[in-house]
Amino acid sequence: MRMFRLTLDKGVTNITEGFPSAEAGIDELSQAENFDLDDQHRGRLRKGRLQRLAIDSPHSLYVFKGQSWFVADGVLKRFNLDYSASDLATLSNNARLHYEPVNDELVASNGSEIGWLDSESFTPFAPSLGQFELPMPGGQYLAMSNGCLVVASGSTLYVSKPWNIEVRDSRLSEYPLDGYIRMLAAVEDGLWVSTDKHVGFLSGDGSDEWTYEERSDNVPPDGCFGSCYQREGTTLTRLVYWASD
């Protein structure tokens with residue numbers, strides 16, 4: 001076995017002239033497998049991948065409080081610590097599932113169903129209804145704002161009663177927008193929303209008091225958004241981000 005020094009000063013070439021001596025070394029790489037070379041000619045081996053679970057077309061992976069879930073072929077599954085999967089519920093469709101933390105619990109919806117999700121089960125909303133009350137519908141996106149659950153279903157926002165997120169008031173819980181809603185996310189002082197026509201901001205205490213301000217015609221693709229927190233000193237501020245043209 002011959003040993004030599006590889007310095008990678010020049011990059012990669014597919015032309016080699018003889019075999020380097022141990023003293024001279026070589027500074028051009030002609031062929032390598034599972035190897036990365038950065039723009040400063042530093043090389044390192046790729047760590048590679050190891051398949052832990054073989055499953056077709058999984059989507060909607062979400063992690064919350066040490067638990068994780070995903071959907072495959074219309075079945076909601078828990079992803080276990082030993083890399084196995086357990087079936088929790090058969091859904092009515094294979095649409096993307098959206099998740100929203102509510103205090104220490106989790107709500108999930110796929111546009112048709114909506115319910116509570118934990119490590120053992122998915123429990124659809126089934127509230128007891130009083131006068132002028134209706135159940136909250138399923139939707140493509142969810143957000144919590146001012147103690148209310150906001151559901152984007154088609155082109156309409158539905159708003160729950162405060163601190164009773166399974167129920168809405170039929171008289172003042174619907175807020176129609178100008179097209180199919182492709183983004184919904186809350187910040188401290190309102191909601192960022194987008195349809196297929198406009199990006200806008202909703203401010204106010206509830207759907208009967210909301211003020212809508214159009215912010216942009218450059219809308220994100222459906223679902224191409226997220227939220228995070230920014231820390232400044234001891235203050236956490238919730239931010240929303242998205243991509244568009």
Test item: Cα-centred dipole of the chain, Lys/Arg +1 and Asp/Glu -1 on Cβ, debye = 780 debye
Cα-based equivalent ellipsoid, region 31-138: semi-axes from gyration tensor eigenvalues, Å | 39, 15, 13
Length added when fully stretched, residue 39-residue 222, from 0.36 nm per residue minus Cα-Cα | 62.4 nm
Top of 50, 61, 97 by mean-square fluctuation, Gaussian network on the chain, Cα under 10 Å = 50
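Using Cα pairs closer than 8 Å and at least 6 residues apart in sequence, work out the relative contact order for the chain, in percent.
8 percent
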What is the packing order of peptides 105-112, 148-155, 70-77, taking the mean over residues of other C-beta atoms within 10 Å and listing the highest first?
-> 148-155, 105-112, 70-77
Using the Karplus curve 6.51 cos²θ - 1.76 cosθ + 1.60 with θ = phi - 60°, work out ³J(HN,Hα) for each residue of region 154-167 in order, rounded to whole Hz, and write x for Gly and Pro.
-> x, 10, 10, 8, 10, 10, 6, 5, x, 6, 9, 6, 8, 10
Using a 1.4 Å probe and counting only protein heavy atoms, arrange 192, 69, 163 so the residue with the most accessible area comes first.
-> 163, 192, 69
Karplus couplings for region 184-193 from phi (6.51 cos²θ - 1.76 cosθ + 1.60, θ = phi - 60°), rounded to Hz, Gly and Pro as x?
-> 8, 7, 9, 10, 4, 10, x, 10, 8, 9
With the other protein chains left in place, how much accessible area per residue, in square angstrom, belongs to region 154-245 at a 1.4 angstrom probe?
-> 55 Å²
Which Cα, out of 83, 236, 193, lies furthest along the positive dipole direction of the chain (beta carbon charges, K/R +1, D/E -1)?
-> 83
Gaussian network model of the chain, Cα within-10 Å springs - most flexible of 35, 225, 201 = 35
Quickly work out the residue 144-to-residue 82 label distance, labels modelled 7 Å from Cα along the C-beta direction, and quote it in nm with one decimal.
-> 3.3 nm
PRE reach from residue 178 (point 7 Å along Cα→Cβ): which of region 189-203 fall under 19 Å by backbone N?
-> 191-203
Geometric extent, Cα atoms of the chain - Rg, Dmax (angstrom) = 25.5, 89
Förster-model FRET efficiency, 30 Å R0, residue 238 and residue 75, C-beta, rounded to 0.05 = 0.40
Förster-model FRET efficiency, 25 Å R0, residue 213 and residue 68, C-beta, rounded to 0.05 = 0.10
Given a cut-off of 16 Å, what percent of all Cα-Cα pairs of region 136-245 lie beyond it?
-> 56 percent
Would you work out what percent of the accessible area of region 122-245, with all protein chains in place, is carbon or sulfur (probe 1.4 Å)?
-> 47 percent
Protection-proxy order for peptides 210-223, 168-181, each taking the mean of Cβ atoms within 10 Å per residue, highest first | 168-181, 210-223
Selection from 117, 225, 160, by position along the positive dipole direction of the chain (Cβ) = 117
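The values are calculated or read from the model by the stated rules, or taken from the named source; none is laboratory data. Everything numeric in this text was worked out from a predicted model, so none of it was measured. Cβ coordinates were reconstructed from backbone atoms using ideal geometry, including for glycine residues, and neighbour counts include every protein chain displayed. Quick note on the areas: whole protein, heavy atoms, side chains included, nothing else; ligands and nucleic acids left out. Shrake-Rupley method; radii C 1.70, N 1.55, O 1.52, S 1.80 Å.
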